[in-house]
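Derivation of every value follows stated rules applied to the coordinates shown; laboratory data play no part. Values in this document were obtained by computation on a predicted structure and should not be read as measured data. Glycine also receives a Cβ, built like all others from the backbone with ideal geometry; neighbour counts cover every protein chain displayed.
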Amino acid sequence: MVWEENHPKDQPAMKDNPYYQNQWGMSIDLNTCTGCNACVVACTSENNVQVVGKEEVSNGRHMYWIRNDRYYVTEGDEGAEDPEMLMQPVMCQHCENAPCESVCPVAATLHSPDGTNQMIYNRCIGTRYCANNCPYKVRRFNFFDWTKTLPTEVQMAQNPEVTVRTRGVMEKCSWCVQRIRQSQQQADNEDRDLRPNEVETACQQACPTDAITFGDLNNPESDVVEEKQNPRRYELMAYLNTKPRLSYLGRVRNTNPRIEEALSSEQDADAVAAADA
Amino acid sequence: MANTEDDKTLPAEPSRPQEGAGGGHGQLVRGDLSFHDITEMVSRHTEKKAPLAWYIAFAASLSGALLLLALLAYVVWNGIGVWGNNQPVGWGWPIVNFVFWVGIGHAGTLISAILFLFRQHWRTAINRAAEAMTLFAVVCALIWPTFHVGRVWVIYWTLPIPNQMEMWPQFKSPLLWDVFAVSSYFIVSLVFWYVGLVPDLATLRDRAENFWRKRILGFFSLGWTGANRHWRNYEKAYLLLAGLATPLVLSVHSVVSFDFAVSVLPGWHTTIFPPYFVAGAIFSGFAMVVTLMVITREVYGLKNVITIDHLEKMNIIILVTGTIVGFAYITEFFMAWYSGVEYEQYAFINRAFGPYAWAYWIMMTCNLITPQLFWSKKLRRSIPVMFVLSIFVNIGMWFERFVITITSLHRDFLPSSWGYFEPTWVDIGTLVGSFGLFFTLFLLFLRFVPMVAMAEVKGIMPQADPHHYDGGDGRAAGNGHAEGDGEPYIRPAKVASLEQPDTDEGEA
């Protein structure tokens, strides 16, 4: 039987897959995130994410692989006019138990040996079931052919390391897989292991407050391992049992009303200081 | 056709209850018809010129089908974005239409297979047309999952075709189960329908006068002569196919429901879906049969074969399945509350009171409330009432799929990704076009295929009872053939006198 002989899984190349050595993970510290959106811009230019224009954005066809969710916080009814805004960058969570993977009829999205959720554009037929089943709604579909109509100079500006997607396929954050593979190959050429924190994703690199940490969970020296041990760590919608590789460090808000008052105006701060003295 | 006899007329209107053996209670065919009258009533429509209404309806339907074709080409050329689908509503009207049409395609095989196994003799008058309707509805259904994918030109990757990459489909995906479930349902339904057709095609062949008509029908009737051996094999094959088709009737919509139930989405992720979807499918399928049969029996003068009793029985099934579906709607709400999952609870509150509340209440009104009128015997035997109600049911069932697909998707877990779906003109055009395709196929069926299973109807007539001519006391009154009703077995009837003047009713 053709499908029984020499199955790829029995090949030595598969068994000694170097990718198993690294297990990628990410941590985003919401305490330090300022919501500046530099990560969104960096991702857009690194990964050839297409800009679709105002009309199609309002039709719900934008292509951003990473977005900044905004939450508005008020205490009761007070401050409803001017609520506090909290930020949360959301990208593909690279679930170990990914709902998107099991529903694809053609196996176009699967798990890599190094623990990322991969999208195989060539195999995708565009059923959009994965996007429906993604609780984080991070998958983006090419409703039209965005890249074919690009002016030549914009075509030249695309990142040559990243595939340009055609119409009718799904795409999403890959954790800059091109950077991971490039670093792995370089390490291989230099006959060494990857150094901790050697691979940086585009969003991480652009983050001015270092809120995003990416690295190898197998390497105890990686920063991401340390971040993951932080007690503020949580996973987005962990109750769905998706087991994301991306975790967040919860924002700590100082709810002491006197300090908040103190910060709100200098006069009040002076008054509080006087009272304390 | 050779018409030698002038005095024979067929009663077109339901006439007096028949007296004598088999009359009165349980009388399925009315109007004191002989076997030959049945042949005549059904076959002549494939042999003579179609009524004007047929041509008008066919022109309208064919325009719709061509519209569908043009719009699908437009979608393939430009991309899925010409439909209203967006993020988060990845599945829009195409999937609503798919589930709707698959649902419609349930009644036919249910009538022909399940009712056959349960020895429900009333099925014989409607099973042929209902099965044809099933096949055409499944054809209409298959269009949607095919064309709603982003790259239709590689849709064959969902089929397990051996290839040099050793790349198989992903068998955990409910969409793949769908491919198998719907295609096997279609194939088995088609074979079942065709096997049932063989004796009737042979009848048409024997009546054919044109050389090519004789040859074509001869080819499709597989050399049927009506020999005892043929009947024995035929009955056996029919029974086996009924047994094979029965689980498929239940499985196909269960599998379609898995597309939703297997996901994690609130509003989809629920174990009630398979039975609820099957009940809903039978509900909408029977409603479509009622809609079509009410028109067909009127236009083609088949009121003595497809009687008001048949329609009443279908209306009772609509009442029962509609109530099951309504019960499922309420159970879903109960489970959302009982689960204590806030996403689930929000999904259902959003259904009833959110931006798509109008769709939800259309669904509730058409599916749960209006079919309750069928509790009244008078209303369920009234042609205008059942015609309007059956259309209401299908409106309601389309909205049920709309509610399930679109309102669940448009607001799920993270409010940042909430959205709203609006159909485009292409969405509307393709839906209208799919009705055009459906009616085109159905009208072609009415024109070229015997629309009632003649052989089976004859089998449930009183004359088919071996003791019919005995007078009930075992003494044979005739030679066992059609002597009893004074009609030789083969004698052509006068066709002109069978014509129906009532061709003014539109079909599509």
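Please check which bits of region B:171-186 a label hung off residue B:163 would reach, taking the label as a point 7 Å along Cα-to-C-beta and the cut-off as backbone N under 18 Å.
Residues B:171-173, B:175-177, B:179-180 qualify, since their backbone N sits under 18 Å from the label point.
Give the calculated FRET efficiency between residue B:76 and residue A:239 to the nearest 0.05, with a Förster radius of 51 Å applied to their Cβ-Cβ distance.
So, using R0 = 51 Å, E works out to roughly 0.80.
Report the relative contact order of chain B, percent, no decimals, based on alpha-carbon pairs under 8 angstrom and at least 6 residues apart. Write down the numbers at each step before the final one.
On the way: 714 pairs, mean separation 166.8, N = 508.
33 percent.
Grab the Cα-Cα distance for residue B:47 and residue B:312, subtract it from 0.36 nm times how many residues apart they are, and report the gain in nm with one decimal. Don't skip to the answer; put the middle values down first.
Numbers: separation 265, 0.36 × 265 = 95.40 nm, distance 3.06 nm.
Length gained, residue B:47 through residue B:312: 92.3 nm.
For chain A, with a Gaussian network of springs between Cα atoms less than 10 Å apart, report the residue from A:216, A:29, A:77 with the top mean-square fluctuation.
Taking springs between Cα atoms under 10 Å, the residue moving most is A:77.
Any idea which of A:249, A:138, A:225 is furthest toward the positive side of the dipole for chain A, if Lys and Arg beta-carbons carry +1 and Asp and Glu beta-carbons -1?
A:138
Once Rh is set to the Kirkwood radius over Cα pairs, what Stokes-Einstein translational diffusion coefficient, in µm²/s, holds for chain B at a temperature of 20 °C and a viscosity of 1.002 mPa s?
88
For the protein assembly as shown, compute the orientation-averaged projected area of the C-alpha convex hull (one quarter of its surface), in nm².
Average of the hull's projected areas for the protein assembly as shown equals 44.6 nm².
Quick one: putting +1 on the C-beta of Lys and Arg, -1 on the C-beta of Asp and Glu, what dipole do you get for region A:46-91 around its Cα centre, in Debye to the nearest 20?
500
Between residue B:172 and residue B:118, what length in nm is gained on full extension when 0.36 nm per residue of separation is reduced by their alpha carbon distance?
Gain on stretching residue B:172 to residue B:118: 15.9 nm.
Run the numbers on chain A and let me know its relative contact order in percent, using alpha-carbon pairs under 8 Å that are six or more apart.
25
Any of A:137/B:172; B:313/B:377; B:236/B:313; A:137/A:172; B:214/B:236 with alpha carbons more than 19 Å apart? Name them for me.
Beyond 19 Å between Cα atoms: A:137/B:172; B:236/B:313; B:214/B:236.
Which order results if B:106, A:94, B:467 are arranged by neighbouring Cβ count within 10 Å, fewest first?
By the 10 Å Cβ count, ascending, the order reads B:467, A:94, B:106.
Which one of A:169, A:68, A:234 is farthest out on the positive end of the charge dipole of region A:13-276, using unit charges on Cβ (Lys, Arg +1; Asp, Glu -1) and the Cα centre as origin?
Going by the charge dipole, the pick is A:169.
Calculate the FRET efficiency for residue A:85 and residue A:51 from the Cβ-Cβ distance with a Förster distance of 25 Å, rounded to the nearest 0.05.
With R0 = 25 Å, the Cβ-Cβ based efficiency is 0.55.
By its C-alpha gyration tensor, with a ≥ b ≥ c as the square roots of the eigenvalues, how is region A:48-106 shaped: rounded for a/c under 1.5, else prolate for a/b larger than b/c, else oblate? Walk me through the numbers before you get to the answer.
Numbers: a/c = 2.93, a/b = 1.58, b/c = 1.86.
Cα axes put region A:48-106 in the oblate bin.
Could you work out [θ]222 nm for chain A from helices alone, using -39500 (n - 2.57) per DSSP H run of at least four and dividing by all its residues? Round to the nearest 500 deg cm²/dmol.
That comes out to -7000 deg cm²/dmol.
For residue B:230 and residue B:425, calculate 0.36 nm times their separation in residues minus their Cα-Cα distance, and state this gained length in nm to one decimal.
Here the segment from residue B:230 to residue B:425 would lengthen by 64.9 nm.
Given the options B:419, B:432, A:201, identify the residue whose Cα lies farthest towards the positive end of the charge dipole of the protein assembly as shown (+1 on Cβ of Lys, Arg; -1 on Cβ of Asp, Glu).
In the protein assembly as shown, that residue is B:432.
Stokes-Einstein diffusion coefficient for region B:125-282 at 37 °C in a medium of 0.692 mPa s, Rh from the Kirkwood formula over Cα pairs: what value in µm²/s? Walk me through the numbers before you get to the answer.
Details: Rh = 18.5 Å.
Translational diffusion coefficient: 178 µm²/s.
Under 10 Å, Cα contacts only: if you run a Gaussian network model on chain A, which one of A:194, A:249, A:150 comes out with the highest mean-square fluctuation?
Its mean-square fluctuation being the largest, the pick is A:150.
What is the spin-label model distance, in nm, from residue B:448 to residue A:41 if the labels are put 7 Å beyond Cα along the C-beta direction?
For residue B:448 paired with residue A:41, the spin-label model returns 6.5 nm.
Work out the FRET efficiency for residue B:383 and residue B:272 from their Cβ-Cβ distance, taking R0 = 45 Å, and round it to the nearest 0.05.
0.80
What's the percent breakdown of Cα-Cα distances in region A:13-276 across 5 Å bins, shortest bin first?
1, 5, 11, 15, 16, 16, 12, 9, 6, 4, 3, 2, 1, 0, 0
Could you check the simple spin-label distance between residue A:256 and residue A:147, using points 7 Å along Cα→Cβ, in nm with one decimal?
Placing both labels 7 Å along Cα→Cβ, they lie 5.4 nm apart.
Ordered by packing density, taken as the mean number of other Cβ atoms within 10 Å over each peptide's residues, highest first, how do B:89-98, B:189-198, B:212-221 rank?
Top to bottom by mean Cβ count within 10 Å: B:89-98, B:189-198, B:212-221.
Just want to confirm a number: the relative contact order over region B:58-211, from Cα pairs under 8 angstrom separated by 6+ residues, in percent. Walk me through the intermediate numbers first.
Numbers: 101 pairs, mean separation 31.7, N = 154.
Relative contact order, region B:58-211: 21 percent.
Whole percent per 10 Å bin, from 0 to the bin with the longest distance: what is P(r) over all C-alpha pairs of region B:356-449?
Histogram of Cα-Cα distances, whole percents per bin: 14, 29, 32, 19, 5, 1.
Rounded to whole Å, give me the distance from the Cα center of region B:387-425 to that of region B:92-122.
Comparing the Cα centres of region B:387-425 and region B:92-122, I get a distance of 22 Å.
Other chains' Cβ within 10 Å of B:145-151 residues: what's the mean?
5
Describe numerically, in nm with one decimal, the distance between label points set 7 Å from Cα along Cα→Cβ at residue B:464 and at residue B:191.
My value for the distance between the label points is 2.4 nm.
Determine the calculated [θ] at 222 nm for chain B from helices alone, applying -39500 (n - 2.57) to every DSSP H run no shorter than 4 residues and normalising by the residue count; nearest 500 deg cm²/dmol.
The per-residue figure over chain B is -19000 deg cm²/dmol.
Taking springs between alpha-carbon atoms closer than 10 angstrom, which of A:66, A:120, A:180 fluctuates most in the Gaussian network model of chain A?
Checking each option, the largest mean-square fluctuation is seen for A:120.
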